[in-house]
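What follows is one structure encoded as structure tokens, with my remarks underneath.
Every number in this text was worked out from the coordinates using simple rules, so none of it is lab data. None of the values given here were measured: they were computed from a predicted structure. Because the Cβ atoms are built from the backbone with ideal geometry, glycine has one as well, and the counts that use them run over all protein chains shown.
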Amino acid sequence: MNDSSHYRSVFSPGLFAGQVILVTGGGSGIGRCTAHELASLGAQVVLAGRNADKLQQVQAEIADAGGKASIQAFDIRQEKAVRAAVADIVAAHGRIEGLVNNAGGQYLTPLAAISAKGWEAVIHTNLTGGFLVARECFVQSMQAHGGAIVNIVADMWGSMPHMGHSGAARAGMVSFTETAALEWAASGVRVNAVAPGYIASSGMDHYPSEAGDMLRAMRDTVPAGRFGNEAETSAAIAFLLSPAASFISGSVLRVDGARPHLRIGQRHRPAHAHLRPRAAVRPFGGFHLAETPRVFRDGGEAND
């Protein structure tokens, strides 16, 4: 955990000063962390999600740290709600310079046990919802003013066993990212994606307790020898939103410790894993409010 009382970003203070950036799924996990970092860099962050109470809590955290955030509670799967929410944001702030399309969710189950309803729910959350929010941000603001979009996908290269519905949706979002980057380039809009690998985030607490052993064992399949953290994912997002990425569009930035390069089923535990991690792969503790997921507190630390 970061010992500071404020976010410790690697980026220059004021990087996003005056910019309005919408972060969906901003009430927890990677979205919460990203909202904190962007606010610490001067952005007016708009926190979006279905749970207003969670959004208000993060809004208060950001205010306590000296940042600016507003909230917009809506369901990204509902087209009319998305259109109305984006209109409200534009009316309140004038425009939307950045979008972090982070909201999503899935559950563990093998393909043979996924119902049509369950499949559609995950597709709507992880693909359709992201498309709707991006489309409305483009149509209502970015088409006229430009902007940058970062879609959050997942480590689905080489398959996503027991999460096939999510893998299909995330692969679709990568294709959407590439197409939107092409179609919206003439309006000065860049569209990229960040693909988090195994990240020790609060999202892991939504899985059933019986999945604990499996979740803890996933670290052994990462060549870097550890889980990533929310701040490392947020840094990738901030970079792609920043002017330093002005010639990057239609790309996917993986934050995964090289895990997809292993063959399926292979376990990898680096020989030096018991040693102190070297600087190049040592965890970055930028988020001052980071918390270890319960699954690791109960059964061993994520990066011990």
Simple spin-label estimate for Arg95/Ala144, 7 Å along Cα→Cβ, in nm, reads 1.0 nm
If every Lys and Arg gets +1 and every Asp and Glu gets -1 at its Cβ, then about the Cα centre segment 95-179 yields a dipole, in debye to the nearest 20, of 100 debye
Filtered hits (lysines, Cα-Cα < 24 Å from Lys68, offset >= 8 within chain) -> Lys54
Between the modelled labels at Arg8 and Asp88 (7 Å from Cα along Cα→Cβ) the distance in nm is 3.7 nm
Dividing the mean separation of Cα pairs under 8 Å (6+ apart) by the residue count of segment 19-136 yields a relative contact order in percent of 28 percent
Summed over the other residues with a beta carbon less than 14 angstrom from that of Glu178, with K and R at +1 and D and E at -1, the charge totals +1
About its Cα centre, segment 1-79 carries a charge dipole, from +1 on Lys and Arg Cβ atoms and -1 on Asp and Glu Cβ atoms, whose size in debye to the nearest 20 is 80 debye
Burial-style ranking of 252-259, 62-69, average other-beta-carbon count within 10 Å with highest first, yields 252-259, 62-69
With a Förster distance of 45 angstrom and the Cβ-Cβ distance between Leu108 and Glu183, calculated FRET efficiency to the nearest 0.05 equals 0.80
Relative contact order in percent for segment 102-211 (Cα pairs under 8 Å, 6+ apart) equals 34 percent
